[in-house]
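A.B. asks: Sharing a structure here in structure tokens format.
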4 protein chains.
Amino acid sequence: MIREKIKQFVEKDSFQKFIITLIIFNSITIGMETSDAIMTSFGNVLLLIDKIILAIFVLEITLKLYAYGFSFFKSGWNAFDFSIVAIALLPASGSLAVLRSLRIFRSLRLIKNLPKLRFIVESLLLSLPSIGWIFVLLTLVFYVFSVIGTKLFGSSYPEWFGTLWASMFSLFQIMTLEGWADIARTISDRYPFANVYFISFILIASYTTLNIFIAIVVNTMSEIQQKISIQETSKIESIIQDENEELRNDIRNLKEQIIKLEEKISKRISSP
Amino acid sequence: MIREKIKQFVEKDSFQKFIITLIIFNSITIGMETSDAIMTSFGNVLLLIDKIILAIFVLEITLKLYAYGFSFFKSGWNAFDFSIVAIALLPASGSLAVLRSLRIFRSLRLIKNLPKLRFIVESLLLSLPSIGWIFVLLTLVFYVFSVIGTKLFGSSYPEWFGTLWASMFSLFQIMTLEGWADIARTISDRYPFANVYFISFILIASYTTLNIFIAIVVNTMSEIQQKISIQETSKIESIIQDENEELRNDIRNLKEQIIKLEEKISKRISSP
Amino acid sequence: MIREKIKQFVEKDSFQKFIITLIIFNSITIGMETSDAIMTSFGNVLLLIDKIILAIFVLEITLKLYAYGFSFFKSGWNAFDFSIVAIALLPASGSLAVLRSLRIFRSLRLIKNLPKLRFIVESLLLSLPSIGWIFVLLTLVFYVFSVIGTKLFGSSYPEWFGTLWASMFSLFQIMTLEGWADIARTISDRYPFANVYFISFILIASYTTLNIFIAIVVNTMSEIQQKISIQETSKIESIIQDENEELRNDIRNLKEQIIKLEEKISKRISSP
Amino acid sequence: MIREKIKQFVEKDSFQKFIITLIIFNSITIGMETSDAIMTSFGNVLLLIDKIILAIFVLEITLKLYAYGFSFFKSGWNAFDFSIVAIALLPASGSLAVLRSLRIFRSLRLIKNLPKLRFIVESLLLSLPSIGWIFVLLTLVFYVFSVIGTKLFGSSYPEWFGTLWASMFSLFQIMTLEGWADIARTISDRYPFANVYFISFILIASYTTLNIFIAIVVNTMSEIQQKISIQETSKIESIIQDENEELRNDIRNLKEQIIKLEEKISKRISSP
């Protein structure tokens, strides 16, 4: 069957290496497009190469789609691959020029195609749920402080606290501790109690963020410890079993001794 | 009894979900109040909704107070709930406008009503005692450096070190490493030894803060390890018991063998 | 003996609590001295109180010195106590005004006198040796980059890299990541290769500092694990001993059975 | 053989201490050369000392090369030593003045010659592979964001995003959180969506960097735990063996008892 042959073809090691090479090569050519000097001399060549590589990617995805059918989309990574290539096919003229710059997302296909990278990204994503609720808490803290900030300082300092979004951005900036003292000193000149607002936000936000970090470390470590503990338990189990096997052998030995004794006695006693 | 019925009503799953929905909805409307555009068009509606929701919250707390009596306040979370709603009932005109902005604290009721959030906040609070004394130490360091800073630099740089509070704020800023170099360079132009003051403060404060963090990680990890260790020990214990049970069976078997032998001998010997 | 009585007196719980109260009270009065307003009204009172408290501290140390003799200085904490009080006795007029501000160091006596604080400070100091050699490495990195920085950028940017000390201060500032980009952008306008210098310094310094932190966490954790592991081993040992005690009982039982059998046989056989 | 004697000489403890002393002394003299005041008075002396020490280093390396032959280069540290000394021999006039400043790299020979420092640097280098692929991922993220940044903001803000290198430097700056808010606020005045770009970069870069750190902690910890677990297992094994040795003794004892019984029976029965 042709479908089977295409499947074998796209799963070939050499085909995958070819695609990886193309992704890296394409990343470089897209990077080179950012240089005006290079674009003036080789612009046409670079754009041509880009079109050819895109064509190959489209062909690759089409082949895979044909080979696997709808089960292709069962893997999140395949859907990821598909949408990245699909973005590149959108018309990118005029106001959609931003979309053109997203072509570089094709480099991210490396993550799917290099198993080591995929493993790391998967484990990064897997540790997200463990911090999910802390993140909800942080969002709540952000929201509450944003509303308070907007109401209190919004009219006097519209650049920082004019709208809810401006406040959230400012609070994010303050959480990164970047330039927070300038903002706090300026505002507390007018509202003396503002320092309480800023310092309590920094303390709460830092402590919560710190706990996001701790949650990840502790989760990862406790999983590893569980594994080590299970290994250890099973090792000790086999040691105990081996040792007791010897003991049981000794006891069996003893039993045979007794049986022999019994037979002897039986014989001797019955003999006379 | 009516008290019992109210208890059952406020503990109903659907009632709690209704309250959670109201809290989220109220948070959104309070957030919308920060936008002038929205307030011009829908201000009256938003304020009406706010009053209705507040009335429901007051009713909720009243019902609970009636149902549980004074034991309602035994739970810290209930007291927290009560005071948040109580704040909203204070008259908020004139100089108390700040209090009005605290209405958004009602969003924090989510923490009490969503078990997962409550669990996280509780564990955040529980890890506070383990860092309590390090915090006392940090306060002491802050106080000592504040007094020195105020005495040495206060007259020349009143904005940064004019009063004890100004010094503490500046030292907090320096601890967050935000703009510390500007302050240190400015002051050390006049007092060359000031660098010693700033660098030693940064080193001591960072090292102490670092240890706050380490204290939390180590405490959490060692608790988990204790649990894993206890699990492992009890697993190994049951393995040992199982194995020894077999051994004891073997020995019991042996014993029966000997008893049989004894009987045999007894019979045979006594028979002739 | 009078020496013995003084010893008992200074070791009394009430005496120690009195000293702790005095230290805290003195810290507050020294803090109040930083306020000009308070000094104008109550300056004389505060200075009088300070002199009285100092006199009591001097008396306290003198009593302890008499009671313990030279063995008083065997404890590092006593020497610490002694030198803090001694500083306050230095004449503090004129150019030694800085020394006067060091009177607040008396607050640090709290560390010696509150066992919990002393424990924390001791454990902070104890984890220093484990990071000692990483610190030497960091110093070496600082020195090498300082010399290079001074030679390369010293003549053009004397404020940042004019002398070896200026370079070290700038590198410390860059290590804290405070304002490093301004310095790097300014200098790399003139020396394009400067970015390599700054980025490599940041990477090396961050990675080394990170490892200081990791060294502390890992050391503390592995000590705790050793303890937990020893506990677990001894618990498992006692479980094994208990279990085997039972086995040995069974075996002893068996032995008695055999001995009884032997006696029986002996009797019966010998009887006829 | 002379080669053997030279080997013994360069491996002597006193010779190595002499070299370490020379390295430290040379580091200090090179440091002193940064001071114009010192250079005016003692410049000739310092430069003479430097030439003499360099001559000794060259002699040292030559002796070692003669003693060990090409196997000298098998150790990475020897190659490191060799290249540092070799740099100093390059002509350093004119445009190569930069190279002269690299003479201070000789201080790094301390790392090779002080075992404790060498151990730390080796363990720092050994933990690099464990973060290798996270680093590749971070590079990919940097590259993708650089290309997007250059394409979107390059024409309007050439200083920050003019070329791919400028973008990478700016992103590195943003990753260190230094002055990121200024850049983000300036650019988002013109491109409102820029905040999405900056905040998503900060979140992704921080989360990935955080995981570099976590990877090191977890790797180091899990190695230590493996060791502790193996120790514990072997201790428990020996406890079990000791205990079972006793049991086996008891059983052997029992066996002898039975054998004695058997003999007795045999004798008595056969006797009459």
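A.B. asks: Do you know which residues across segment C:165-186 are within 30 Å of the chain's Cα centre (by Cα), facing chain D (nearest Cβ under 8 Å) and aliphatic (A, V, I, L, M)?
C.D. replies: C:LEU177 - this is the single residue of segment C:165-186 that is within 30 Å of the chain's Cα centre (by Cα), facing chain D (nearest Cβ under 8 Å) and aliphatic (A, V, I, L, M).
A.B. asks: From (1) in contact with a Leu (Cβ under 8 Å, 6 or more places away or on another chain); (2) at pLDDT 85 or above; (3) within 10 Å of chain B (Cβ to nearest Cβ), pick out the condition that doesn't hold for A:PHE213.
C.D. replies: Going through (1) in contact with a Leu (Cβ under 8 Å, 6 or more places away or on another chain); (2) at pLDDT 85 or above; (3) within 10 Å of chain B (Cβ to nearest Cβ) one by one, A:PHE213 breaks only (2).
A.B. asks: When only residues in segment D:171-186 that are part of a helix (DSSP H, G or I) and β-branched (Val, Ile, Thr) count, which is farthest from D:PHE142 (Cα to Cα)?
C.D. replies: For segment D:171-186, the residue satisfying everything is D:THR186.
A.B. asks: Being among the β-branched types (Val, Ile, Thr) and touching a residue at least 60 places away in the same chain (Cβ under 8 Å) is the filter; apply it to segment A:128-139 and report the residue that is nearest to B:PHE119 (Cα to Cα).
C.D. replies: A:ILE134
A.B. asks: If you don't mind, there's one more thing I want to ask. Output the residue which, of all residues in segment C:223-238 that are over 19 Å from the mean Cα position of the chain (by Cα) and surrounded by 16 or more Cβ atoms within 10 Å (Cβ to Cβ), is nearest to C:PRO129 (Cα to Cα).
C.D. replies: That would be C:GLN225.
A.B. asks: Continuing with this model, one more query. Looking only at residues that are assigned to a helix (DSSP H, G or I) and of a type in the set (D, E, K, R) in segment B:12-27, which one is modelled with the lowest pLDDT?
C.D. replies: Among those that are assigned to a helix (DSSP H, G or I) and of a type in the set (D, E, K, R), it is B:ASP13.
A.B. asks: Same structure, new question: Has segment C:135-144 got any residue that is within 30 Å of B:LEU140 (Cβ to Cβ) and at the interface with another protein chain (Cβ under 9 Å from one of its Cβ atoms)?
C.D. replies: yes
A.B. asks: Report every pair of residues separated by at least 6 positions or lying on different chains whose Cβ atoms are under 7 Å apart, first residue within segment A:1-14 and touching a residue at least 60 places away in the same chain (Cβ under 8 Å), second surrounded by 11 or more Cβ atoms within 10 Å (Cβ to Cβ).
C.D. replies: Listed by first residue and then by second, the contacts come to A:ARG3/A:TYR66; A:ARG3/A:ALA67; A:ILE6/A:LEU63; A:ILE6/A:TYR66; A:ILE6/A:ALA67; A:LYS7/A:ALA67.
A.B. asks: Right, next: Could you list, in sequence order, the residues of segment C:109-127 that are surrounded by 17 or more Cβ atoms within 10 Å (Cβ to Cβ), free of Cβ contacts under 8 Å to residues at least 40 places away in the same chain and more than 10 Å from every other protein chain (Cβ to nearest Cβ)?
C.D. replies: Of everything in segment C:109-127, just one residue is surrounded by 17 or more Cβ atoms within 10 Å (Cβ to Cβ), free of Cβ contacts under 8 Å to residues at least 40 places away in the same chain and more than 10 Å from every other protein chain (Cβ to nearest Cβ), namely C:LYS112.
A.B. asks: Of B:PHE42, B:PHE73, which residue is surrounded by fewer than 14 Cβ atoms within 10 Å (Cβ to Cβ), free of Cβ contacts under 8 Å to residues at least 12 places away in the same chain and of a type in the set (Phe, Trp, Tyr)?
C.D. replies: Checking each option against the conditions leaves just B:PHE73.
A.B. asks: Something else: Tell me the residue from A:ASN211, A:ASN244 that is more than 43 Å from the chain's Cα centre (by Cα) and not β-branched (Val, Ile, Thr), please.
C.D. replies: Being more than 43 Å from the chain's Cα centre (by Cα) and not β-branched (Val, Ile, Thr) holds for just one of A:ASN211, A:ASN244, which is A:ASN244.
A.B. asks: Another question, if that's okay. Does segment C:234-260 hold any residues that are within 10 Å of chain B (Cβ to nearest Cβ), within 21 Å of D:LEU261 (Cα to Cα) and acidic (Asp, Glu), and which are they?
C.D. replies: Answer for segment C:234-260, where residues must be within 10 Å of chain B (Cβ to nearest Cβ), within 21 Å of D:LEU261 (Cα to Cα) and acidic (Asp, Glu): just C:ASP250.
A.B. asks: Out of A:PHE142, A:PHE153, report the one residue that is under 27 Å from B:ALA37 (Cα atoms), surrounded by fewer than 21 Cβ atoms within 10 Å (Cβ to Cβ), in the same structural domain as A:LEU128 (by TED's automatic domain parsing) and touching a residue at least 24 places away in the same chain (Cβ under 8 Å).
C.D. replies: Answer to the check: A:PHE142.
A.B. asks: Filter segment D:154-164 down to residues that are farther than 25 Å from C:SER200 by Cα and within 10 Å of another protein chain (Cβ to nearest Cβ), then give me how many there are.
C.D. replies: Summing the residues that are farther than 25 Å from C:SER200 by Cα and within 10 Å of another protein chain (Cβ to nearest Cβ) in segment D:154-164 gives 2.
A.B. asks: Then there is this: Restricting attention to segment B:30-86, which residues are over 21 Å from A:ILE148 (Cα atoms), within 25 Å of the chain's Cα centre (by Cα), assigned to a helix (DSSP H, G or I) and among the polar types (S, T, N, Q)?
C.D. replies: B:SER71, B:ASN78, listed by residue number.
A.B. asks: Does segment C:247-268 hold any residues that are more than 30 Å from D:LYS267 (Cα to Cα) and exposed (fewer than 14 other Cβ atoms within 10 Å of the Cβ), and which are they?
C.D. replies: Once the filter is applied, which keeps residues that are more than 30 Å from D:LYS267 (Cα to Cα) and exposed (fewer than 14 other Cβ atoms within 10 Å of the Cβ), segment C:247-268 yields only C:ASN249.
The values are calculated or read from the model by the stated rules, or taken from the named source; none is laboratory data. What you see is a predicted model; the values in this text were computed from it and never measured. A quick note on method: Cβ atoms are made from the backbone with ideal geometry, for glycine too, and the neighbour counts reach across all protein chains shown.
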